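Everything below concerns the one structure shown next.
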Amino acid sequence: MQKFLFLVLLAGLPIAAAERTYTRNVAIVVYENAEPLDWTGPFEVYNDAARFGAANGQPAFNVYVVSKTTDPVDAQGMKVVPNYSIAEAPKPDIVIFPGGPSSKIYDDPQFFAWAKKASQEAEIAQSVCTGAFVLARAGLLDNLEVTTFHGAIEGLRREAPRAHVQDGRRFVDNGHVVTTAGISAGIDGSLNVVARLLGRRVADQVATYMEYHWTPESYLALKYAYLNPSTDENGRLLQTADMQYESKNFSEAERLYRTVLKEDPKNTDGWYSLAVLLREKNDHAAAAEAFATAAAAEHDPHTAAHLLFDAAREYARADRIDDAARKLQAAFDAGYPDRDVVNKVPEFAKVKSRM
C-alpha cells in the first residue's frame, strides 16, 4: 500500500518475529566521525527499496541505525540518534559498516565483538569506504576480491594480505560480503544488493526516485532477475500489472490486477492499484468500491482512513452522495485528520448536507 499512497518512514520500525517471513533487517552501523554519505546513501537506498519492494503487506526492509549505545553520535557535524544499541538491536540480515575512523569499531572490544558476530551471521555484510577494515579484522575478506576508498587501497592490502584488493572498482559483490569504494559508491553497492535480492525493476525504481544515475556492471546485470525473486508468483504478477499500467495498457493491467485479486482477495496493494486504474478510466463508482475494499483489507488504521477518503471522493464523483457521505464519515472515524475537507474538496459540495 505504501508504495503508491504516500512515503512511509520505515526506519527503526519494529517487526515481530512471526511476521518476518519477507522483511529483511538492515542495520546501518554509525560511530563517532563516520563519513555521512557512506551511510546515508545506503540508508536512502534500502529505505526506498523497502517501499518499492513491498509484498504481501510487508516492506522489503526494516532499516535502522545502530551504534554501541543509543547516545547521540557526532558523524562529522551531523547529530545522529541511533535507533538501537548493540545490546538491543534486532539481528541484522544485512549489516553495513561505513567509512571514517572505523577503528572506533574494531579497537573497541565490545563493539567489535558485536560487529564480527553480526557480520558472520548476516546474509550480507556490506562495507563502504574504510568500513572494509572492520570486515578485514573480522577475517571475512580472506581469498576474496574486495575494494575500498581509493586512498585506502594500499592500507587495506597491508591489513588484509590474503585478500585481493581491487583498485578502480565501485563495488565488489561476493555474495555474503559486498565491499564498495568510498562515499557515493555505497549507493551503487546498495542498489546492486537490492537488484540481487528484489530484482532489477525495484532497483531501477529506487534509482529513479533518488534521481541517481545507476548503471550496473554489465556482467552482473545479466545475473539479476528483473522481477522480484524474493516474493511469490502472485507478487511478480502484481509487478507485471503495474508495468502494464505505467505503459497505459489499461485493459491488460486490469485483467492482471483482477487475476491477482482472484487468487488473493485480501491483497491491499492489488485493490489499491485497481482502484487507481479505474479512477484513471473515470469509472468512479467501481474505483470507489475498490478503494473501500482496499480499506477493509488494510491493517494500518492511518492508511485505511486515507483509503476511505479516496472511496468517498470517488463515490461523490459518481454522484452517489449517500455512499460518499458514509465513506467520508467512516474515514473520519478511522482517524482521517482533516475534517474540513468537506469545505475544501469541490466533489464534496453535495456531501456536506448529508454529514
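The values are calculated or read from the model by the stated rules, or taken from the named source; none is laboratory data. Here the structure is a predicted model, which is why all the values come from computation and not from measurement. In this analysis, Cβ positions are derived from the backbone assuming ideal geometry, glycine residues included, and neighbour counts consider all displayed protein chains.
For segment 253-276, the candidate set comprises residues that are outside any helix (DSSP H, G or I) and charged (D, E, K, R); within that set, the residue that is surrounded by the fewest Cβ atoms within 10 Å (Cβ to Cβ) is Lys266. Counting the residues of segment 36-89 that are out of contact with any strand residue (DSSP E or B) (no Cβ under 8 Å at 6 or more places or on another chain), assigned to a loop (DSSP other than H, G, I, E, B) and more than 20 Å from Trp114 (Cα to Cα) gives 6. Across segment 142-157, the number of residues qualifying as under 16 Å from His176 (Cβ atoms) and small (Gly, Ala, Ser) comes to 0. Does Ala27 fit the bill of being in contact with a Leu (Cβ under 6 Å, 6 or more places away or on another chain) and not in a loop (DSSP other than H, G, I, E, B)? In short, no.
Restricting attention to segment 278-302, the residues being in a helix (DSSP H, G or I), crowded, with 23+ Cβ neighbours inside 10 Å and not small (Gly, Ala, Ser) number 1. Remark: Tyr46 falls outside the filter, which requires a residue to be at pLDDT below 95 and under 17 Å from the mean Cα position of the chain (by Cα). Within this structure, Lys117 passes the test of being closer than 24 Å to Val63 by Cα, among the charged types (D, E, K, R), assigned by TED's automatic domain parsing to the domain that holds Ala34 and exposed (fewer than 15 other Cβ atoms within 10 Å of the Cβ).
Only residues that are part of a loop (DSSP other than H, G, I, E, B) and either of a type in the set (Lys, Arg) or in contact with a Ser or Thr (Cβ under 8 Å, 6 or more places away or on another chain) (or both) were counted in segment 169-197, giving 4.
The residue list Glu44, Glu88, Glu32 contains one member that is among the acidic types (Asp, Glu), over 25 Å from Pro301 (Cα atoms) and out of contact with any helix residue (DSSP H, G or I) (no Cβ under 8 Å at 6 or more places or on another chain), which is Glu88.
A single entry from Asn343, Asn282 fulfils the requirement of being at positive phi, of a type outside the set (Asp, Glu), without any contact (Cβ under 8 Å) to a residue 60 or more places away in the chain and not assigned by TED's automatic domain parsing to the domain that holds Gly57: Asn282. State which residue is nearest to Asn282 (Cα to Cα) when the search covers only segment 308-348 and only residues that are in a helix (DSSP H, G or I) and aromatic (Phe, Trp, Tyr). Among residues in segment 308-348 that are in a helix (DSSP H, G or I) and aromatic (Phe, Trp, Tyr), the one nearest to Asn282 (Cα to Cα) is Tyr315. Within segment 208-252, the set of residues being hydrophobic (A, V, I, L, M, F, W, C), in contact (Cβ under 8 Å) with a residue 12 or more places away in the chain and assigned to a loop (DSSP other than H, G, I, E, B) comprises Trp214, Ala225, Leu227. Which residues, counting only those in segment 234-265, are under 22 Å from the mean Cα position of the chain (by Cα) and of a type outside the set (A, V, I, L, M, F, W, C)? Scanning segment 234-265 gives Asn234, Gly235, Arg236, Gln239, Thr240, Asp242, Tyr245, Glu246. Scanning segment 102-114 for residues that are surrounded by 14 or more Cβ atoms within 10 Å (Cβ to Cβ) and either within 28 Å of the chain's Cα centre (by Cα) or among the acidic types (Asp, Glu) (or both) yields Ser102, Ile105, Asp108, Phe111, Phe112, Trp114. The test for being closer than 20 Å to Val45 by Cα and either not hydrophobic (A, V, I, L, M, F, W, C) or not in a loop (DSSP other than H, G, I, E, B) (or both) does not hold for Ala115. Note on segment 180-233: among residues that are among the β-branched types (Val, Ile, Thr) and surrounded by fewer than 15 Cβ atoms within 10 Å (Cβ to Cβ), the one that is farthest from the chain's Cα centre (by Cα) is Thr215.
Listed here are the residues, each with its yes/no results for (1) over 30 Å from Ala304 (Cα atoms); (2) touching a Gly at 6+ places or on another chain (Cβ under 6 Å); (3) modelled with pLDDT under 95; (4) not charged (D, E, K, R).
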residue	(1), (2), (3), (4)
Ala11	no, no, yes, yes
Val26	no, no, no, yes
Val29	yes, no, no, yes
Gln58	no, no, yes, yes
Pro72	yes, no, no, yes
Lys79	yes, no, no, no
Pro90	no, no, no, yes
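The criterion of being part of a loop (DSSP other than H, G, I, E, B), modelled with pLDDT of 95 or more and in contact with a strand residue (DSSP E or B) (Cβ under 8 Å, 6 or more places away or on another chain) does not hold for Pro101.
Consider segment 65-75 and keep the residues that are surrounded by fewer than 22 Cβ atoms within 10 Å (Cβ to Cβ) and among the hydroxyl-bearing types (Ser, Thr, Tyr). The one that is farthest from Ile105 (Cα to Cα) is Thr70.
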